[in-house]
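> Can you read through this structure? Questions will come right after.
The values are calculated or read from the model by the stated rules, or taken from the named source; none is laboratory data. Since this is a predicted model, take the numbers as computed values, not measurements. Don't worry about glycine lacking a Cβ; one is built from the backbone with ideal geometry, like all the others, and counts go over all protein chains shown. With ligands, DNA and RNA removed, areas are computed over all heavy atoms of the protein, side chains included. Shrake-Rupley method; radii C 1.70, N 1.55, O 1.52, S 1.80 Å.
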Amino acid sequence: MEERNHTSAPETAKKCCGWGAFLVGLVVALILGWAVLPALMQKELKQPVAFNHVLHVDEQGMDCRQCHFTGPDGRFSGVPTTASCAECHSEVIGNTPEEIRFVQDYVQTGREIRSEWLIYLKQPDNVFFSHAAHSVGRCATCHTEYEEAPGTLCAVCHMDMSKVSTPPVYSENRLSGYPKGTMLMWDCERCHANPNHLSPATNANNACFVCHK
């Protein structure tokens, strides 16, 4: 007689329960790993002053470079200082609570705001990014729209703050200390790996040592 292996009902139920527990555990692990833990790793902070970019850009016609500038070596060092803001705001000229607080807490007391600004796009210490090399003058040789609206070049990497009346919440990784918006390698590769950017006009270089010091 041919022997047949029969699996009892209790054994079948046990296997089903085992697979069910495995799938539930997998789903829970994925939710924790992809959603819950990354959210717990971020802490949210507010800018020292709720600077209204719309008011200054649209209504006052200011250019980004009036407050944000590059250092001698091309590194970006242009977070506004108390002195630069005080060129217009040595006294309260409007009626917004934030301007009144800025004048009272910073201008009148000599408190420096530069060290308190939260940088949304701060790069790791081993990355050197030259804003001078990515200037309007160089990029506008092909992208003529940047000449007419320099802010659109900034918006390629930075969020377009010219449309923001209240600064976005700043989110920072609790372990690394870097902001959530820190650019990753593939963000840079969108331009650096573009064959059209390797022309003599741009003199772009995709070698690692150019950006990583």
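> Does Glu112 meet the test of being over 21 Å from Asp63 (Cα atoms) and in contact with a Ser or Thr (Cβ under 6 Å, 6 or more places away or on another chain)?
Here the answer is yes, as Glu112 does meet what is asked.
> Right, here's the next one. Being of a type in the set (Val, Ile, Thr) and farther than 30 Å from Ser176 by Cα is the filter; apply it to the range 94-140 and report the residue that is nearest to the chain's Cα centre (by Cα).
Val136
> Looking at Pro124, Pro97, which is the one that is without any contact (Cβ under 8 Å) to a residue 40 or more places away in the chain and not hydroxyl-bearing (Ser, Thr, Tyr)?
On inspection, the qualifying residue turns out to be Pro97.
> Report every pair of residues separated by at least 6 positions or lying on different chains whose Cβ atoms are under 6 Å apart, first residue within the range 29-49 and in contact (Cβ under 8 Å) with a residue 60 or more places away in the chain, second part of a helix (DSSP H, G or I) and open to solvent by 60 Å² or more (accessible area, probe 1.4 Å).
Close Cβ pairs satisfying both conditions: none exist.
Condition check ((1) among the hydroxyl-bearing types (Ser, Thr, Tyr); (2) over 18 Å from Cys154 (Cα atoms)) across all residues:
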| residue | (1), (2) |
| --- | --- |
| Pro80 | no, no |
| Ile93 | no, yes |
| Thr96 | yes, yes |
| Phe102 | no, yes |
| Asp105 | no, yes |
| Thr109 | yes, yes |
| Glu112 | no, yes |
| Ile119 | no, no |
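> Here's something else I'd like to know. Quick check on the range 76-99. Is at least one of its residues open to solvent by 50 Å² or more (accessible area, probe 1.4 Å), at pLDDT below 95 and under 22 Å from Ala149 (Cα atoms)?
Yes, the range 76-99 contains a residue that is open to solvent by 50 Å² or more (accessible area, probe 1.4 Å), at pLDDT below 95 and under 22 Å from Ala149 (Cα atoms).
> Hey, another quick one. Mind checking which residues of the range 100-123 are in a loop (DSSP other than H, G, I, E, B) and either open to solvent by 60 Å² or more (accessible area, probe 1.4 Å) or farther than 21 Å from Tyr170 by Cα (or both)?
Residues satisfying the conditions are Gln108, Thr109, Gly110, Arg111, Glu112, Ile119, Lys122.
> Sticking with this one: Take the residues of the range 32-48 that are of a type outside the set (D, E, K, R) and touching a Lys or Arg at 6+ places or on another chain (Cβ under 7 Å): which is least open to solvent (accessible area, probe 1.4 Å)?
So, considering only residues that are of a type outside the set (D, E, K, R) and touching a Lys or Arg at 6+ places or on another chain (Cβ under 7 Å), the one least open to solvent (accessible area, probe 1.4 Å) is Gln42.
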